[in-house]
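Participant: Here it is: the structure, laid out below.
The values are calculated or read from the model by the stated rules, or taken from the named source; none is laboratory data. What you are looking at is a predicted structure, and each value in this text was computed from that prediction instead of being measured. Note that we place each Cβ from the backbone using ideal geometry, even for glycine, and neighbour counts take in every protein chain shown.
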Amino acid sequence: MPNVTLSRYECTGDLLPPVCTVCGEPATEKIERKFSWHPQWSELLIVGALIFTKRMSVRLPLCAHHASLWRRRNQVALIGMLVVMVLAAAAIAYVQLVPESNLSGWLCVGTMLFLCAWVMGCQIAQSRDARATKITDRSLKLTNVHARFVAAVLRERRKHAGDDPDARWRYGDVRDDYDDEPDRI
């Protein structure tokens, strides 16, 4: 899947073109996504991933079909988490009420297996989503986006860049003109 680098200005200004990031069809909705990323070397430190993690929010355009799939998947994940929590609470209550039972160990193991299955299911469901491959102070690099979305982003940038193709790289944006005027007082 193609990659695209979005400026912070594009992300915070809600300036992405109305093209679905999943299928490339016209988008009807925008869903807010919060991305996080940390350099791989920070995982070598005990708390490095926590210290060096960068975050950025963006409202990704989606067609009605993919927006409903995204909402449904999040609901299923939430319900799964609640089921795991209820099972864990029931196992803890049973262990407290009947401490000498042979069933206590099986309940704990079963709860842990349900927790692992829930985590793996969430990871698999999110594996095809747009992911941040790098976040800096000025940009967000996404992977797993549709080629038509990438083309639409580039088309929008060219349309708003005017005669200065380097404006986006110097200022991190293309849509405001106040800082691009050289003779401004």
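Participant: Considering each residue of the stretch 7-31, count those that are under 16 Å from the mean Cα position of the chain (by Cα), more than 23 Å from PHE52 (Cβ to Cβ) and surrounded by fewer than 17 Cβ atoms within 10 Å (Cβ to Cβ), and give that number.
Facilitator: 3
Participant: Scan (1) part of a loop (DSSP other than H, G, I, E, B); (2) farther than 24 Å from ALA27 by Cβ for the single condition ALA88 breaks and write down its number.
Facilitator: In the conditions (1) part of a loop (DSSP other than H, G, I, E, B); (2) farther than 24 Å from ALA27 by Cβ, ALA88 misses (1) alone.
Participant: Would you say VAL4 is closer than 24 Å to LEU115 by Cβ, surrounded by 13 or more Cβ atoms within 10 Å (Cβ to Cβ) and not small (Gly, Ala, Ser)? Please lay out each step first, then the result.
Facilitator: Details: closer than 24 Å to LEU115 by Cβ: no; surrounded by 13 or more Cβ atoms within 10 Å (Cβ to Cβ): yes; not small (Gly, Ala, Ser): yes.
Here the answer is no, as VAL4 does not meet what is asked.
Participant: Which of the numbered conditions does LYS34 fail, given that it passes all the others? Conditions: (1) surrounded by 13 or more Cβ atoms within 10 Å (Cβ to Cβ); (2) not in a helix (DSSP H, G or I).
Facilitator: Here LYS34 meets the rest and fails (1).
Participant: Please count how many residues of the stretch 26-74 are farther than 21 Å from LEU140 by Cα, modelled with pLDDT under 90 and touching a helix residue (DSSP H, G or I) at 6+ places or on another chain (Cβ under 8 Å).
Facilitator: Number satisfying all stated conditions: 1.
Participant: Moving to a separate point now. Run down THR143, THR136, THR111 and say which single residue is in contact with a Ser or Thr (Cβ under 6 Å, 6 or more places away or on another chain) and hydroxyl-bearing (Ser, Thr, Tyr). Steps first, please.
Facilitator: Working: THR136 fails: in contact with a Ser or Thr (Cβ under 6 Å, 6 or more places away or on another chain); THR111 fails: in contact with a Ser or Thr (Cβ under 6 Å, 6 or more places away or on another chain).
On inspection, the qualifying residue turns out to be THR143.
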